[in-house]
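Structure record follows, encoded as C-alpha cells.
Only the coordinates and a few stated rules stand behind these numbers; no lab work does. All values reported here derive from a predicted model rather than from experimental measurement. Cβ sites come from the backbone with ideal geometry, for glycine too, and all protein chains shown count toward neighbours.
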Amino acid sequence: MVQTQEHSSAPSAGSFAALFEESLKREDVKEGAVVKGTVIQVTKDFVVVDIGYKSEGQIPLSEFIGADGQVSVHEGDHIDVLLESREDENGLVILSKEKADRHKVWDDISAACERDELIEGVVAARVKGGLSVSIRGGVKAFLPGSQVDLRPVRNLDAFIGKSFKFKVIKFNKKRGNIVLSRRALLERERAELKGATLDKLREGEIVEGIVKNLTEYGAFIDLGGIDGLLHITDMSWGRVNHPSELFQVGDQVRVKVLKFNAETERVSLGQKQITEDPWTHAADKYLPGTVVRGKVVSLKDYGAFVELEEGIEGLIHVSEMSWTRRIKHPSKMVAVGDTVEAVVLDIDVKNNRISLGMKQLEKNPYQTLMEKYPPGTVVRGKVRNIADFGIFVEIEDGIDGLVHISDLSWTQRVKHPSELYQKGDEVEVVVLNIDMADGEKPKISLGIKQLVQDPWDRIPYTYPVGKSIEVKVLKVTDFGAFVELEKGVEGLIHVSEMSEERVQDPRDVVKPGQVVQAEVIHVDSSERKIGLSIKAATRTTELAEAQGYTGSSPQATLGDVMRQKLGDALSKAKK
C-alpha cells in the first residue's frame, strides 16, 4: 500500500466511523463506474487517489497536464475518477481521470440531447462525407456535408477552425457515435425570421438584405428568412452586363419591394427604383443639335451605343459616323471604352432612344458639290464598284457617282458593265446631274458616252434611205441578221429582205463575218434603228445595169444612178 503523508492531528472517532461507512459503500461499486476520490499525493509520474476503498489507486500524471503543459492537480483536491479494476498485481486500484471525464461528457451530451439543447463545437478537420467537429471535452462528432448549410457547400475547408452551434440528430453512447447538424439550426432560425419578415413585407417599401447568390439574370437577396429576386434589369438605370459588376455574395444592400405574393412567397426587388429615372428630364437636357460627350459601351453591326450618363444611352448609327467613308462596322471608327463627342439628332423619350451623329461635327462636303462640279464638268476617277446597272466612279475621296449602263456607249449594246471596265480602272467621266433631294448625301449621275458626240446626230445623213453599202454580218438569228455599218453602228436585215425567194432559215443565206451589199430601207433616230435589205440592193444593181450604167459606185443610191443617167442624156442633146 502506498504510504500517505502524516497529519498533525489524529482523526476523531466520528470521522473514523464515517470513513468506515464510506468504505463499505465503495465495496459495492462496480468496475466501470465513476466515483469521487481525494488526491493524497502527487509524485513525479503518478497522482495517488483515495476513493475510500481498502487500497488507493494511482493515475498517470499525464492525465492531469493541461494544454499549457502545467499540472492541474494538487493534494487534497476532490476529483471524479473511473474505476477500471479493483486491484492490479500490486494490490492497487486502477483508476482513470480521462475516462471519468469522458463518461461525464457523454452523460452531459446525452442529457443535452434529451433536453433538445444545442451543442457548441469547433470544426476540427475534413473527413470523408463531411467534417469532424470537436465538442465538449474534446469528443469528436460527425457533421455530414449535407448538414453544413442550407445550400450545398463546395468548399468545406472554409469551415475548419470555426466555432458553431449544432443540433444533435443522432446519438449512440455505446458505439461512441454522434451526428450533428448545422442546417437544422439554420432552418429553424430561418423559419423564425421568415415569419417576422412576411408580417412586415409590403410592396413599395425599402428594405435591407444580404446578397445570397448571383446568376446571369440577377441576384437573390436574403431579406430575413425569405429570398427576393433582384433582376438584372432592375439593378441600375445604366447598362449592366452581369450582376457581378455591381455586387458580391455577402454584400448588404438596400432594395425596394416591387411585387410581393404572400401565397407563393415570391418577392421581386428593385434597386434602381430607389432613385429617379434619368429619362424624366432627358427631353429638356438633350435637345436636337446639342453637342454631348459620352463613353462607348457597346458595339453592334449597325452602330455604337454611347453612355451619356448613368441610365441614358444614345446610338450612333454607322451611317452617321462619316460623310464620305464607307464604314462596314463601327469598330473602324470607335472602340468600347472610348470617350467621343456627338450631336443629338433626335430623342424619343417614350421609347428611351436618342439618335446621335459624329459626322455632324464636321462640315458637310456635299454642300459645295454643286458649285464644284456643275453639269458638263469632265473629271477623272477610279472605278470603285461594278453593278449590273452600271459602274460607281470615285470623283474625289469618299465621293462616288454612278455611270448608268445606258450612259456607257452611244452605240454598243452592253449586257454588263464588266464587258468594258474592271474595278480599279481610271476613267474620264462627265458630270450629268447632282441631286441633293435628301439634303445630305446626293445622287451624282455621271456619263462616259457624253464625252463624244452622239453618232446618231449624223447617221440619218450618212446613211439615207436608198443608199447601198457594204456591211459585215455580226450575228444571224431566226428572224434575220445583225450587220455592222461602221464601228458601233449596227443595223438589221430582216429575213424577208434577204432574197426575192422565200427564205426559211437566214443561216442558209448569210454567215457571221460575211460582207454583203445591202440597201438602207429604214432609219429611226429616236429608236436608234436601221433597217437594210439585200434584195433591194440587188434590184438597184440590176436596174442600173439594165439602164446601161455599170460604172456606178456600189455605195450609190438609185437616185444617184438616175441623176447620173439624166446628166449623160442632156450632154448628148447639147452636142
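General remarks:
- Leu150/Leu361 FRET efficiency (R0 60 Å; Cβ-Cβ; nearest 0.05): 0.55
- Within the chain, percent of DSSP bridges classed antiparallel, to nearest 5: 90
- Evaluated at q = 0.08, 0.12 Å⁻¹: base-10 log I(q)/I(0), Debye formula over Cα of the chain: -0.88, -1.20
- Here the sum of -39500 (n - 2.57) over DSSP H runs of 4 or more residues, divided by the residues of the chain, equals -5000 deg cm²/dmol at 222 nm, to the nearest 500.
- In degrees, nearest ten, helix 13-26 long axis to first principal axis of the chain (Cα): 50
- Computed from phi, the 3J(HN,Hα) profile of the stretch 533-540 under the Karplus parametrisation 6.51, -1.76, 1.60 (θ = phi - 60°) reads 9, 6, 5, 5, 5, 5, 4, 4 Hz, with x in place of Gly and Pro.
- Cα gyration tensor shape of the stretch 288-361, rounded if a/c is under 1.5, else prolate or oblate by comparing a/b with b/c: prolate
- What separates the Cα centres of the stretch 443-506 and the stretch 113-144 is a distance of 109 Å.
- Inter-label distance, nm, simple model (7 Å from Cα along the C-beta direction), Ser409/Leu474: 0.7
- Values of log10 I(q)/I(0), in the order q = 0.11, 0.17, 0.18, 0.23 Å⁻¹, for the stretch 151-274 under a Debye, Cα-only, solvent-free model: -0.49, -0.93, -1.00, -1.32
- Crossing angle, helix 97-114 versus the chain [Cα axis fit, 0-90 degrees, rounded to tens]: 60
- Ranked Glu114, Glu87, Glu63, criterion: other C-beta atoms within 10 Å, fewest first: Glu114, Glu87, Glu63
- Sparsely packed loop sites in the stretch 377-470 (the GluC sites (Glu not before Pro) outside DSSP H, G, I, E and B with at most 16 other Cβ atoms within 10 Å) comprise Glu440.
- Anisotropy class of the stretch 251-382 from Cα gyration tensor, a/c 1.5 cut: prolate
- For the stretch 393-403, 3J(HN,Hα) computed residue by residue from phi via the Karplus equation (6.51, -1.76, 1.60; θ = phi - 60°) reads 10, 7, 8, 7, 3, x, 10, 10, x, 10, 9 Hz, glycine and proline entered as x.
- Residues Val403, Val414, Val510 arranged by fewest to most Cβ contacts within 10 Å: Val414, Val510, Val403
- Between Glu341 and Thr43, the contour length at 0.36 nm per residue exceeds the Cα-Cα span by 98.2 nm.
- Sparsely packed loop sites in the stretch 490-546 (the trypsin sites (Lys or Arg not before Pro) outside DSSP H, G, I, E and B with at most 14 other Cβ atoms within 10 Å) comprise Arg502.
- Start at zero, step by 5 Å, and the Cα-Cα distances of the stretch 201-274 spread as 3, 18, 32, 27, 14, 4, 1 percent across the bins.
- Loop GluC sites (Glu not before Pro), the stretch 162-203 (other Cβ atoms within 10 Å of the site Cβ: 14 or fewer; DSSP): Glu203
- Of Leu258, Ile210, Gly270, farthest towards positive along the dipole that unit charges on Lys, Arg, Asp, Glu beta carbons give the stretch 181-279: Ile210
- Cβ charges +1 (Lys, Arg) and -1 (Asp, Glu), total dipole of the chain, debye: 1980
- Converting phi to 3J(HN,Hα) with the Karplus coefficients 6.51, -1.76 and 1.60 and the offset θ = phi - 60°, the stretch 237-253 yields 5, x, 7, 10, 7, 8, x, 5, 5, 10, 10, 10, 4, x, 5, 8, 10 Hz in sequence order, with x at every glycine or proline.
- Summed residue charge, Cβ within 9 Å of Met321's Cβ, Lys/Arg positive, Asp/Glu negative: +2
- Nearest-ten-degree value, helix 558-574 long axis tilted from longest Cα axis of the chain: 20
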